[in-house]
1. Anything in region 244-263 that is free of Cβ contacts under 8 Å to residues at least 12 places away in the same chain and not in a helix (DSSP H, G or I)? List them, or say none.
2. Considering each of E154, E158 in turn, give the residue that is under 24 Å from A78 (Cα atoms), under 16 Å from the mean Cα position of the chain (by Cα) and surrounded by fewer than 23 Cβ atoms within 10 Å (Cβ to Cβ).
3. Would region 40-57 turn up any residue that is surrounded by fewer than 24 Cβ atoms within 10 Å (Cβ to Cβ) and under 30 Å from D212 (Cα atoms)?
4. If you go through region 54-65 one residue at a time, do you hit one that is within 16 Å of the ligand (Cβ to nearest atom), at pLDDT below 95, in the same structural domain as L141 (by TED's automatic domain parsing) and out of contact with any helix residue (DSSP H, G or I) (no Cβ under 8 Å at 6 or more places or on another chain)?
5. So, restricting to strands (runs of 3 or more DSSP E) that lie completely within region 1-77, which ones have at least 3 residues that are out of contact with any Gly (no Cβ under 6 Å at 6 or more places or on another chain) and under 24 Å from E158 (Cα atoms)?
6. Would region 102-119 turn up any residue that is more than 14 Å from the ligand (Cβ to nearest atom) and surrounded by fewer than 18 Cβ atoms within 10 Å (Cβ to Cβ)?
7. Return yes or no: is R241 at positive phi and in a loop (DSSP other than H, G, I, E, B)?
8. Would you tally the residues in region 280-312 being in contact with a helix residue (DSSP H, G or I) (Cβ under 9 Å, 6 or more places away or on another chain), outside any helix (DSSP H, G or I) and either aromatic (F, W, Y) or closer than 24 Å to S220 by Cβ (or both)?
Amino acid sequence: MRATAQAQPNIALIKYWGKRDAERNLPAVGSLSLTLETLWTRMTVEFDRDLEADRLQLNGESANDMLPRISRCLDLVAGADRARAAVTSECNFPIAAGLASSASAFAALVVAASEAAATGSDTLTLARIAGAVSGSAARSLYPGIVLLTAGDKEIRVETVTSDWPLELVVAVTDESAKAVGSGAAMLRSAATSPFYAAWVEQQAQDIVTALDAVRERNFSALAAVAEHNCLKMHSLTWTSRPPVVYWNEVTMSCIQTVRKLQADGVPVFFTIDAGPQLKAVCLPQAVPAVAASLEATPGVRRILQSGLGAGAHRLSPG
Ligand code: DP6
């Protein structure tokens, strides 16, 4: 009745932004992401009939604000008549600052809960459950470069390849939690941004372009479509009412740093999620130059680095 699982966050190159069905948390658009290697969340789930309520400890402290989503997720994995659970979570990177901590948390949670309850559910079933709680979490069940397809009734998730050694260098510019969560912000974009319909309409083509680039290992083609898609997503948040601006001045300086590297012929591009960190994607030989330039950008607090990693998996013993 007890299991521990680990999952890594994933970073979208073609973004999920918008919901087709808010109640079931079905995404309005497909997305394409990189599952990381060195950043992780570990979740231990222990079902216990003697417990009266679920409990959650996050990095050693009780975290009641996340508990309702955790409990819902446990119900979806193990059934509403399940025993209550003691859940402990450990995470080696800043939470809720746009580094996809909820993705790795819920991906690890569904695997740990499924193993602890011996449900025998397959990976796609668990990915759909994780996605129902947090859309991007579905992708962290899978390794490498991951495609999420948004159907009318359900999602499909699959690895496109684990065989292109892309590297991620994150410039952390601010470690505090974001003011507006991504779920709320995307609902606001759908309701108020004049650009939302165009975003949804163009997403399938962006995904095709990105998949072609991945298949051909064409880094500059992937760079062009990923930066364009990221800037479109942020255009939605800027043009929502009231607007949501996730960037700070250091985010902008980091964009200029990436532009300078590109001008020098370094294979790198940026992406930014619902927070002020800049994520630079590059080829392995470019990591030292990219990391050094971002680290030297005034205001950058620290650099994180990761290659591509595995999907969520049980840690044993645990
Ligand atoms: C900007 O998965 O956090 O990171 O489904 O409401 O939990 P909910 O949203 P969430 O949104 C992620 C948004 C993004 C882009 C992406 O990861 O594709």
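The values are calculated or read from the model by the stated rules, or taken from the named source; none is laboratory data. For clarity, every value in this text was computed on a predicted model and none was experimentally measured. Cβ: placed from backbone, ideal geometry, glycine included. Neighbour counts: every protein chain shown.
1. Once the filter is applied, which keeps residues that are free of Cβ contacts under 8 Å to residues at least 12 places away in the same chain and not in a helix (DSSP H, G or I), region 244-263 yields only V245.
2. When all the criteria are applied, what remains is E158.
3. Filtering region 40-57 for residues surrounded by fewer than 24 Cβ atoms within 10 Å (Cβ to Cβ) gives 40, 42, 44, 46-57.
Those still in the list that are under 30 Å from D212 (Cα atoms) too: 40.
For region 40-57, residues surrounded by fewer than 24 Cβ atoms within 10 Å (Cβ to Cβ) and under 30 Å from D212 (Cα atoms): present.
4. Step one: filter region 54-65 for residues within 16 Å of the ligand (Cβ to nearest atom), giving 65.
Now drop any that are not at pLDDT below 95, which leaves 65.
Now drop any that are not in the same structural domain as L141 (by TED's automatic domain parsing), which leaves 65.
Filter once more, keeping what is out of contact with any helix residue (DSSP H, G or I) (no Cβ under 8 Å at 6 or more places or on another chain): 65.
Taking every residue of region 54-65 in turn, at least one turns out to be within 16 Å of the ligand (Cβ to nearest atom), at pLDDT below 95, in the same structural domain as L141 (by TED's automatic domain parsing) and out of contact with any helix residue (DSSP H, G or I) (no Cβ under 8 Å at 6 or more places or on another chain).
5. Details: elements: 2-7, 10-14, 19-21, 31-35, 41-48, 55-58.
Qualifying strands (runs of 3 or more DSSP E): 2-7, 10-14, 19-21, 31-35, 41-48.
6. Yes: one or more hits.
7. no
8. 8
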